[in-house]
Every structure is written in C-alpha cells, then in structure tokens.
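The structure under discussion appears below in the form of structure tokens.
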Amino acid sequence: MRTRWCAALFALACLPALAADRLPALRARAQEVTVSGLSSGGYMAVQVHVAHSSIVSGAGVIAGGPYYCAQGSLATASYNCMNPGGWTPLPSVEFLRAETEALAAAGRIDPTANLAAARAWLFTGTHDRTVYPAVVIALKAYYASYGTNVKLVTDKPAGHAMVDEDALGELLKHLGFANPPAAKAAGNIAAFDQNPFAGGDAYAISMNDTGYVYVPKACAAGGCRVHVAFHGCRQNGEDFPRDAGYNRWADTNSRIVLYPQVVARSGWCFRCWNLVYNPRACWDWWGYTGAQYHTQRGAQVRAVKAMLDRLSARL
C-alpha cells in the first residue's frame, strides 16, 4: 500500500499545475509589436526583436546587451556579457553582426534589413555593478550598425533595477506611445495558461504555468497593438505585471501588454526528461533550453511568438 501511495504521489508531482484560463484571441494587430525588458528580460527582448524583426518594430532594453552575446555559454554570459574585463572581453560588434547575418541567411531569423526601420531605447545606470555600462553601450553599437533609431541613456545614478516612472515613460514614448499615461489603470490583468504555447509543458522550458496579459477596455473590440514586457531574473510573479508601470500607458495608447513568465529550475525534470540550470528564473539568453535559443526555433522565443499569434487571432 505504501509503495502505491508513493507511486501515486510521484505521478502527481510530475503533472503540470492546474491551468489558468486560456489566453484570449483579441484580434490584435499582428505587426508593429514592441518589446522591452530588464537584465535577462532585456536580453530576451533583443532576441525576440532580432529573430522576428518583420513584426517587432522596437525594443526598450534596461541593462541588457547585444544579440547572441553569450554564444550559448553560461560562462560567457556571466563574465563577458555582464562584467567584461581584460581576460573576459565583450564579443566584438563585428563578430556578432556576422553571426546575425549568417542566421538570417539560413532563415533562422528574419532579414536584418528590417532593423533599419526599428527603434531602440537603452538604459544603463551609473551604479550598475551587475551588468556593466559597457555591455549596454555595445548594444547601442550593434543596433547602430544596422541603422536603427537608437537612444542610449547613461547618465542616471541608478543601480541594477527597473527604471522609474519617468524613464519608463521615455522608453515607451520612443517606441510610439504618444499619449501621456492614465492617472490609474482601468483595464484588467488576466492570468492565462502558458502550457499550450510551450508544447504542452511550460516547465520543460523553464516557463511558468501562468502568464499575464493586461487588456485595456478599448482593446476588447480588437485592433490594438501589443507590447511584450519581459521581467528580469527573480521578478516572475504577479508583482511585475501589476507594478512595473506599463498599464497606465497601455490604457491611453490602446496597447495590450503581454507579460510572459519564466520560473526557476535547477536540475533534472523526470516529466520533461531534460536538465535545465536556471535557478534565478532568468530568461534564456545563454542556451539552457538548447542551441537554437536565440533564433525563431528557440523554445522560449517560439512560445512568445505563439502567444502573439493567439492575441492577433480572430476566433
């Protein structure tokens, strides 16, 4: 009897958590998506932007670096792409651009010519000792090499954290949020099940079972643009969607805000039959989900694109 109970408990532990509601089909605009994020979320925003530049028109990046900086290596991510130094230099923009062009030629990402029409707003605090300013400056050089309309803020005495309301406003205005924010958010933050967008098992790719979406009242009838906001490491959960500051801007600018979520994983998953090392709930910008993490084939990039497809559906 005890053996049967243990087996039953083990089986239950291997099942996904009870699902939230389905992400609604809101007839959102499939083009002119914008993205933003902090730290690992900033790196993820860049990955989604470059991989899907035919539909993503701009990116806001706080304490994040250039596309494919880590080159599939946790050590490179931790040193060269966060705290570069003499023995661990940042990859050159020329090298990263050559890698990007090779991926575009192979059809793994959208044509890079799209980046010339894009906009990017970048921020690094003068007191940031987690991701050095040189990393964000390298991202500016990467975008500038493609002719992107890029603005870099480097003179604020900030550490490694989400920007304040004023800076977030500057980020969003650069990405096309023309109207000032509402005094109070009046829309709805809804939880949704991320499993259908991750091959049926979000945990397998270190994504949470639950994501969030903010829908202004004006967007219930369709036709709104979408902004994707990527949290930083250890910022998963309800606080970021509620408190990061996007929703008041979304109300007055007819933007749906998608808040996808990752979850901490550190070890083997018997249900998933894979090993993932992501103990701080960071987005995959160094390859813990596989070698194609930074391309359209990347598990998390693919999941976010599927969410965007769902929001633009007319069901």
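Conditions tested, residue by residue: (1) crowded, with 16+ Cβ neighbours inside 10 Å; (2) basic (Lys, Arg); (3) not in a loop (DSSP other than H, G, I, E, B).
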{"site": "Asp155", "(1), (2), (3)": "no, no, no"}
{"site": "Pro196", "(1), (2), (3)": "yes, no, yes"}
{"site": "Gly199", "(1), (2), (3)": "no, no, no"}
{"site": "Ala204", "(1), (2), (3)": "yes, no, yes"}
{"site": "Gly211", "(1), (2), (3)": "yes, no, yes"}
{"site": "Gly232", "(1), (2), (3)": "yes, no, no"}
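Which ones in segment 140-153 are in a helix (DSSP H, G or I) and either of a type in the set (Phe, Trp, Tyr) or open to solvent by 50 Å² or more (accessible area, probe 1.4 Å) (or both)?
Lys140, Tyr142, Tyr143, Ala144
Report whether or not Ile137 is aliphatic (A, V, I, L, M) and open to solvent by 30 Å² or more (accessible area, probe 1.4 Å).
On the way: aliphatic (A, V, I, L, M): yes; open to solvent by 30 Å² or more (accessible area, probe 1.4 Å): yes.
Taking the combined requirement at face value, the residue satisfies it.
Look at segment 54-77 and say how many of its residues are within 20 Å of His174 (Cβ to Cβ) and open to solvent by 10 Å² or more (accessible area, probe 1.4 Å).
2
Report whether or not Leu96 is in contact (Cβ under 8 Å) with a residue 24 or more places away in the chain and either touching a Cys at 6+ places or on another chain (Cβ under 6 Å) or closer than 27 Å to Gly237 by Cα (or both).
In short, no.
Determine, yes or no, whether Val163 is β-branched (Val, Ile, Thr), under 19 Å from the mean Cα position of the chain (by Cα), within 23 Å of Arg119 (Cβ to Cβ) and not in a loop (DSSP other than H, G, I, E, B).
Criteria not met by Val163.
Let me spell it out: the conditions are (1) closer than 22 Å to Glu165 by Cβ; (2) modelled with pLDDT of 95 or more; (3) open to solvent by 20 Å² or more (accessible area, probe 1.4 Å), and Ala190 meets all of them except one. Which number is the exception?
Of everything listed in (1) closer than 22 Å to Glu165 by Cβ; (2) modelled with pLDDT of 95 or more; (3) open to solvent by 20 Å² or more (accessible area, probe 1.4 Å), Ala190 misses just condition (1).
The values are calculated or read from the model by the stated rules, or taken from the named source; none is laboratory data. None of these values were measured; they are calculated from a predicted model. Please note: Cβ atoms are built from the backbone with ideal geometry, for glycine as well, and neighbour counts cover all protein chains shown. Accessible surface areas use protein heavy atoms only, side chains included; no ligands, DNA or RNA. Shrake-Rupley method; radii C 1.70, N 1.55, O 1.52, S 1.80 Å.
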